[in-house]
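Remarks on the structure that follows.
The values are calculated or read from the model by the stated rules, or taken from the named source; none is laboratory data. All of these numbers come straight from a predicted model, not from anything done at the bench. We place every Cβ from the backbone using ideal geometry, glycine too, and count neighbours over all the protein chains shown.
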Amino acid sequence: MSENQSSVGRWVRGFGRFWWDFLVGDTPEITVAVIVLVGAVALLTNIAHVKVLAYVALPLLVIITLVLSLRAARKTG
């Protein structure tokens, strides 16, 4: 029973590490930006007269985030 629990624990930790590396990787700023952008758009969609703005804003904000990320990467590398 103890061996089974330790293998489950190792599996859970490995699964968590995979997702952390996959989502955050070496640029946590992009992960934070995506969470903030999706949250902001979700809040905007709850307001009826701003719903169209939310659908337009998301792609524009994603492009701005990508440009800023690329600019930062060019400065460091």
Exercise for the section: Kindly list, by first and then second residue, each pair from a residue in segment 44-67 that is over 24 Å from residue 31 (Cβ atoms) to a residue that is part of a helix (DSSP H, G or I), limited to pairs with Cβ atoms under 6 Å and residues at least 6 apart or on different chains. Expected result: 50/44; 51/45
Problem - Members of segment 58-77 that are over 17 Å from the mean Cα position of the chain (by Cα) and part of a helix (DSSP H, G or I) - result: 71, 72, 73, 74, 75, 76
Exercise for the section: Scan segment 68-75 and give yes if some residue there is at positive phi and modelled with pLDDT under 85, otherwise no. Expected result: no
Exercise for the section: Looking only at segment 40-54, decide whether some residue is out of contact with any helix residue (DSSP H, G or I) (no Cβ under 9 Å at 6 or more places or on another chain), at pLDDT 85 or above and assigned to a helix (DSSP H, G or I). Expected result: no
Handout entry: Positions within segment 3-42 being within 12 Å of the chain's Cα centre (by Cα) and among the β-branched types (Val, Ile, Thr), in sequence order
Key = 24, 27, 30, 31, 32, 34, 35, 36, 38
